[in-house]
1. Is there a residue being in contact with a helix residue (DSSP H, G or I) (Cβ under 8 Å, 6 or more places away or on another chain), closer than 18 Å to residue 73 by Cβ and surrounded by 13 or more Cβ atoms within 10 Å (Cβ to Cβ) anywhere in the stretch 31-43?
2. In a loop (DSSP other than H, G, I, E, B), on the phi < 0 side of the Ramachandran plot and modelled with pLDDT of 95 or more: does that describe residue 67?
């Protein structure tokens with residue numbers, strides 16, 4: 001069974017980027033994914049509520065900085081999702 005949170009194009013790409021990088025600034029994710037601030041925030045909120053990502057907000061000087069980290073739960077969920085995709089491909 002596919003994880004409905006990860007079986008969505010933007011969120012699966014987002015988690016994939018985080019697995020490769022451990023952490024990424026909001027701005028970098030936005031540029032990689034080519035989405036708006038609001039769209040990315042919406043996806044991140046869903047992933048954060050599921051425990052797949054952790055969002056850390058701070059300041060660099062006077063500028064706000066948001067960094068997104070993948071959690072162990074997010075890694076496990078993505079691994080299961082990839083395994084489900086492989087099974088689906090092999091069956092069809």
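The values are calculated or read from the model by the stated rules, or taken from the named source; none is laboratory data. Treat the numbers as computed from the prediction; the structure is a model and nothing was measured. We place every Cβ from the backbone using ideal geometry, glycine too, and count neighbours over all the protein chains shown.
1. The first filter runs over the stretch 31-43 and keeps only residues in contact with a helix residue (DSSP H, G or I) (Cβ under 8 Å, 6 or more places away or on another chain), leaving 32-33, 35-37, 39-40, 43.
Imposing the further condition that a residue be closer than 18 Å to residue 73 by Cβ reduces the set to 43.
From the residues that got through so far, the ones that are surrounded by 13 or more Cβ atoms within 10 Å (Cβ to Cβ) too are 43.
Yes, that holds for at least one residue.
2. Details: in a loop (DSSP other than H, G, I, E, B): no; on the phi < 0 side of the Ramachandran plot: yes; modelled with pLDDT of 95 or more: yes.
No.
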